[in-house]
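Q: Please read through the structure below; I'll follow up with questions.
The values are calculated or read from the model by the stated rules, or taken from the named source; none is laboratory data. Only a predicted model underlies this, so the values are computations on that prediction, with no experimental measurement involved. Neighbour counts run over all protein chains shown; Cβ positions are idealised from the backbone, glycine included. Surface accessibility is based on the protein's heavy atoms, side chains included, excluding ligands, DNA and RNA. Shrake-Rupley method; radii C 1.70, N 1.55, O 1.52, S 1.80 Å.
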Amino acid sequence: MINSVGTFASIWLGLWLALSVLFVLVYPLLRPSLLKLHPRHGSTLLLAYWVLPFAASLLSTLILFMPPAETLLVKAHCHVDCESHAPLIDSPALALAGIVLATLVVTMLFWRFVTTLRRSRQLHAQFDVLGRRRGTWYEMEAECPLVFTLGWWRPRIYLSSGLREACTAQDLDIILQHERAHQERRDNLRLLVARLCFAILPAPVSRHGLADLQGVTEQACDFRAAERCGELAVAETLLKIKRLVLSRPALLPRDAMAFAERDVETRIKALLQASARIRLRRWQWLALLALGGVFLGTLVGPLHHGSEWVISALGDHARLTH
Amino acid sequence: MLPNTLGELELGVLEALWQEPHLDAKAICQRIPAIRQPSLSTVQSTLERLHRKELVTRSKTGHAYSYAPRVSRSNLLGRLMGDIIHLLHDGRLETILSSFVTVAADLDDKSLADLEALIARKKQEQGRAP
């Protein structure tokens, strides 16, 4: 039993790590095409891209340990006998190491999830007491110009009175349209899922890819607001709010000057060139889905043989060192 | 962690004091909504915590302390918003909240003027220029 669980844990972790590294390395090649898509499609595809290493590693490892599926996807071969089999680590110590490692990773993910959830609840509780409900959003009596959507399952919109007073009715409508899009799309949850699925790599390695996801997500909400108010109006509001935020330097963190992501500039340019963005058709989505299925199916055979090769190499190494 | 994080009861006590300052613990306890009615000793320890955090002042009247808020509602909200701005900037809150524009000083005056010109040009192209 320990050997089976340990093998499962080791294969899943190893594959998750390998696929994550591979996806980070391949990303610069795919990035230009992904960023040419309509942000609504681009953000969905980017999310799928960053979730795939985790999902594919877990699914293919599960298939590897399910005899009927494994028989279909792995070419028949014999070791001592010719029965259908899953790769198995012989050494209990190695299997235990796999279990410990997997437990550590799952605990780390769970801890990260729980601490973020706790922080979110604390903020909700505070803002619900201190804010005033205005229909679908909450107004916060504060001078700083700030608006944000907080939460995962039922996100709420909070807007400072400083920002509301500085906005025209149209600006406010655009801002609320943008935030409502975050609310409906559950973007905070999407970002959390992507971040957790890439947690096996150190943060600096996956930072650029996840920053792209965040940027395209913002663009998707800008485009949603533009469907109602027009691209130019949204671009103008973005610029106006950015100017307003920058005109209050006391609000900026001291180290903000070193932070050089050109977020608003990219978003305004995206809005002005909205017509150039490519929308995927239904058959293209189906083709991508089929491609994902084929990728998963073809992964199982090499995974089986690769795992057996690694296990036997580790076994030989252990025997030699003894 | 948020430097200005307050618990639900702490906020309830502050809310009671904002509505009517200079109250003792017993009076505050009675003003907290019945659904979460805490015991007197819980309110006293909450007041002690708020005093340590310098969010309330107290003066002795007879045997009991009388409490008053040291910060206004908007002042506390301003502090909380400041925390949000800092944490957004650090990227530590990005998975629980999304903001319309970032506070990062990533654009100088020239870039802003360039963007403005770009929007104006687009407007002209669309024949909507004034």
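Q: Relative contact order (percent) for chain A, with alpha-carbon contacts under 8 angstrom and 6 or more residues of separation?
A: That works out to 25 percent.
Q: Mind pulling the angle between the C-alpha long axis of helix A:92-130 and the longest principal axis of chain A? Nearest 10 degrees, somewhere in 0 to 90.
A: Its long axis makes an angle of about 10 degrees.
Q: Can you compute the FRET efficiency between B:A64 and A:A125 using 1/(1 + (r/R0)^6), with r the Cβ-Cβ distance and R0 = 25 Å? Round to the nearest 0.05.
A: About 0.30, to the nearest 0.05.
Q: As a test question: what accessible area, to the nearest 10 Å², does B:Y65 have when a 1.4 Å probe is rolled over all protein chains in place?
A: The accessible area comes out at roughly 90 Å².
Q: If you don't mind, another one. In square angstrom, rounded to the nearest 10, how much accessible surface does B:Y67 have for a 1.4 Å probe?
A: Roughly 20 Å² of B:Y67 is accessible to a 1.4 Å probe.
Q: Going from most exposed to least, what order do A:H305, A:H178 have by accessible area with a 1.4 Å probe?
A: Largest accessible area first, the residues go A:H305, A:H178.
Q: Turning to a different aspect of this structure: Calculate the radius of gyration of the Cα atoms of chain A to one decimal place, then report Dmax, the largest Cα-Cα distance, as a whole number, both in Å.
A: Calculated on Cα positions, Rg and Dmax stand at 24.4, 78 Å.
Q: If you don't mind, another one. I need the calculated FRET efficiency for the pair A:R134 and B:K53, taking r as the beta carbon distance and R₀ as 35 Å, to the nearest 0.05.
A: Rounded to the nearest 0.05, the efficiency is 0.75.
Q: While we're on this one: What percent of all Cα-Cα pairs in region B:8-69 falls into each 10 Å bin, going from 0 up to the bin containing the maximum distance?
A: Computed distribution, short to long bins: 25, 63, 12, 0.
Q: Oh, and also: Before rounding to the nearest 500, sum -39500 (n - 2.57) across all DSSP H runs of length at least 4 in chain A and divide by the residue total; then give [θ] at 222 nm in deg cm²/dmol.
A: The helix-only estimate for chain A comes to -25000 deg cm²/dmol at 222 nm.
Q: For A:M108, A:M66, A:M1, A:M140, write out the residues from largest to smallest accessible area, computed with a 1.4 angstrom probe and no ligands counted.
A: Most to least solvent-accessible, the answer reads A:M1, A:M66, A:M108, A:M140.
Q: Multiplying the sequence separation of A:S275 and A:W111 by 0.36 nm and subtracting their Cα-Cα distance, what value in nm do you get?
A: Between A:S275 and A:W111, full extension yields 54.7 nm more.
Q: Here is a further query. Which lysines have a Cα lying under 20 Å from the Cα of A:K240, excluding residues fewer than 8 positions away in the same chain?
A: Answer for A:K240, where 20 Å is the Cα cut-off: A:K269, B:K110, B:K122, B:K123, listed by chain and number.
Q: How much FRET efficiency would the formula 1/(1 + (r/R0)^6) give for A:L101 and A:L25, where r is the Cβ-Cβ distance and R0 is 22 Å, rounded to 0.05?
A: 0.45
Q: Still on this structure, please answer the following. How much of the DSSP bridge set in chain A is antiparallel, in percent, rounded to the nearest 5?
A: Close to 60 percent.
Q: While we're on this one: How would A:I311, A:I278 line up by accessible area, probe 1.4 Å, largest first?
A: A:I278, A:I311
Q: To the nearest 10 Å², what's B:T5's accessible area with a 1.4 Å probe?
A: Its accessible surface works out to 30 Å², give or take rounding.
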